[in-house]
Amino acid sequence: VVHRREAVAVSYLWRNRVRMGAEYWHATYNIHSPDISLGSPRFETAANGGNIWVRPILYQSDRLTFDAGFRMELFGYDDSVVPMAQQIVTAGFFVPDRYERYAGTAHLSWDPHAKVHWELDGSLGPQRVTGFALLAPPPAEFGLAGSFGTELTLRLGRWRPFIAYNFFSTATAAFPGASDGAYRSHGFTVGLSYRF
């Protein structure tokens, strides 16, 4: 599986009190499977999506910033994903005709020490997954979805080691052909960056 994604994003801080932004992205997926039972072991599809968000700053000091607001996200795949979904359901990734999510968001940024930076963020709101009409999916319904993330970064000169955790949970079906369901994901990331 080869996934390529290009994105353009813009953000703006209005009167030092309101953060806002938007993003548009385009992604392509290429799959080459050695499993000849699939009939056509090569698939290619593309997706387009974007989001907009607004987060007023509710508290700000030298070491602590807290903001909360709203985020809307939409994306969808083109019809070339239908043969792939018919044969291998989701091809190992999420392939809706249309995905939409509306969520309240909150973000906390804290510097407890000059060399330590900690961020926490969360979201909660409804999301809906619409399947392709050619696959005769059940009617799309909204389900509650939430996420939580945290990242701890050490500032060691030009080096920035970090560790992060992300959690996502939803009562929405995991793929467009499912009538109901729920799924959760956990993600851990450890990294090291260098500032030139």
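The values are calculated or read from the model by the stated rules, or taken from the named source; none is laboratory data. Since the structure is predicted, the reported quantities are computational estimates derived from the model, not experimental observations. Every residue, glycine among them, receives a Cβ derived from its backbone with ideal geometry; neighbour counts consider all protein chains shown. What goes into the accessible areas is simple: the full protein's heavy atoms, side chains included, and nothing from ligands, DNA or RNA. Shrake-Rupley method; radii C 1.70, N 1.55, O 1.52, S 1.80 Å.
If a residue must be at pLDDT 80 or above and open to solvent by 60 Å² or more (accessible area, probe 1.4 Å), how many such residues does segment 28-49 contain?
So the answer is 2.
Mind listing just one residue for me: the one in segment 50-78 that is small (Gly, Ala, Ser) and either crowded, with 16+ Cβ neighbours inside 10 Å or part of a strand (DSSP E or B) (or both) and, of those, modelled with the lowest pLDDT?
Looking at residues that are small (Gly, Ala, Ser) and either crowded, with 16+ Cβ neighbours inside 10 Å or part of a strand (DSSP E or B) (or both), I get GLY76.
Please go through segment 1-26 and give me each residue that is under 24 Å from ASP78 (Cβ atoms) and at pLDDT 95 or above, ordered by number.
GLU6, ALA7, VAL8, ALA9, ALA22, GLU23, TYR24, TRP25, HIS26
Pairs under 6 Å by beta carbon, first residue within 13 Å of PHE94 (Cβ to Cβ) in segment 116-133, partner open to solvent by 40 Å² or more (accessible area, probe 1.4 Å) and not in a loop (DSSP other than H, G, I, E, B), six or more apart or different chains?
Every condition considered, the pairs that remain are THR130/ARG98.
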